[in-house]
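So the structure is just underneath, and the comments pick up after that.
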Amino acid sequence: MAITYDLAGTILVLGGARSGKSTFAEQLFAASASAAYLATAEAFDTEMTARIKRHQSRRDNKWTTLEEPVGISSTIAETRDPLLVDCLTIWLSNLMHLEKDFEAETAELCQVLQTHDYPVVLVSNEVGGGIVPENKLARRFRDEAGILNQRVAAVADSVYLVTAGLPQKLK
């Protein structure tokens with residue numbers, strides 16, 4: 001018997017690398033006739049190109065793909081379909097690379113999520129469970145990702161942690 005989940009409000013899906021978080025997030029849209037996929041990654045090399053193609057191959061024709069590496073708040077606000085945002089940690093990396101004010105961007109994102117009328121599922125990496133990175137930039141990224149996840153989790157209606165393909169509801 002398959003487990004079904006409610007696609008309502010804001011849902012945050014957390015997990016480590018290759019945990020199954022994106023696959024689980026996509027499964028939340030099983031009953032939706034249409035959905036939008038907001039991709040934050042850009043294909044700067046062959047490895048990322050392959051990752052993007054792997055994600056695309058899992059999605060059928062009900063999905064509309066929106067590519068936005070930085071301005072996700074306005075894209076969310078304008079979207080009138082159930083929306084999957086994949087992923088917040090790549091978005092954070094993009095903001096840091098462009099030296100944007102990611103605290104202000106995160107505050108704007110949380111505001112949009114609280115007022116948006118359509119379901120939004122956000123995928124994010126849980127990066128704080130491993131060793132302390134050896135360089136300052138990596139430590140800063142780890143810390144900011146943890147703060148971003150906390151802030152989005154605080155406004156989310158539901159939060160899931162996916163480990164080894166198994167989702168666990170936290171909120």
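With respect to the conditions (1) of a type outside the set (D, E); (2) more than 19 Å from T10 (Cα to Cα); (3) modelled with pLDDT of 95 or more; (4) outside any loop (DSSP other than H, G, I, E, B), K100 lacks only one, and its number is (4). Filtering the stretch 135-169 to residues that are more than 24 Å from E103 (Cβ to Cβ) and free of Cβ contacts under 8 Å to residues at least 24 places away in the same chain leaves Q168, K169. When the stretch 96-109 is filtered for residues that are within 14 Å of V152 (Cβ to Cβ) and open to solvent by less than 50 Å² (accessible area, probe 1.4 Å), the ones remaining, listed by number, are F102, E105, T106, A107, L109.
When you check A25 against the structure, is it at pLDDT 90 or above and closer than 16 Å to S158 by Cβ, yes or no?
Working: at pLDDT 90 or above: yes; closer than 16 Å to S158 by Cβ: yes.
Yes.
Restricted to strands (runs of 3 or more DSSP E) entirely inside the stretch 1-76, those with at least 3 residues that are open to solvent by less than 90 Å² (accessible area, probe 1.4 Å) and farther than 25 Å from G128 by Cβ are 35-39, 63-67. One residue is enough: does the stretch 105-119 have a residue meeting the conditions touching a Ser or Thr at 6+ places or on another chain (Cβ under 9 Å) and small (G, A, S)? Checked the stretch 105-119: no residue is touching a Ser or Thr at 6+ places or on another chain (Cβ under 9 Å) and small (G, A, S). Name the residue, out of S19, S73, that is modelled with pLDDT under 95, hydroxyl-bearing (S, T, Y) and under 18 Å from A153 (Cβ atoms). On inspection, the qualifying residue turns out to be S19. Which residue is least open to solvent (accessible area, probe 1.4 Å), if the candidates are limited to the stretch 139-163 and must be among the polar types (S, T, N, Q) and closer than 13 Å to G128 by Cβ? By that ranking, first place goes to N149. Residue pairs whose Cβ atoms lie under 9 Å apart, sitting 6 or more positions apart in sequence or on different chains, and linking a residue in the stretch 67-82 that is under 13 Å from D117 (Cα atoms) to a partner that is in a helix (DSSP H, G or I), are I76/L109; I76/V112; I76/L113; A77/V112; A77/T115. Collect the residues in the stretch 127-154 that are over 22 Å from E26 (Cβ atoms) and in contact with a Leu (Cβ under 9 Å, 6 or more places away or on another chain), keeping them in residue-number order. Residues satisfying the conditions are F141, E144, R151.
The values are calculated or read from the model by the stated rules, or taken from the named source; none is laboratory data. In this text the structure is predicted, and so the values were computed from the model without any measurement. Using ideal geometry, Cβ is built from the backbone for each residue, glycine included, and neighbour counts are taken over all protein chains shown. Side chains included, ligands, DNA and RNA excluded: accessible areas come from the protein's heavy atoms. Shrake-Rupley method; radii C 1.70, N 1.55, O 1.52, S 1.80 Å.
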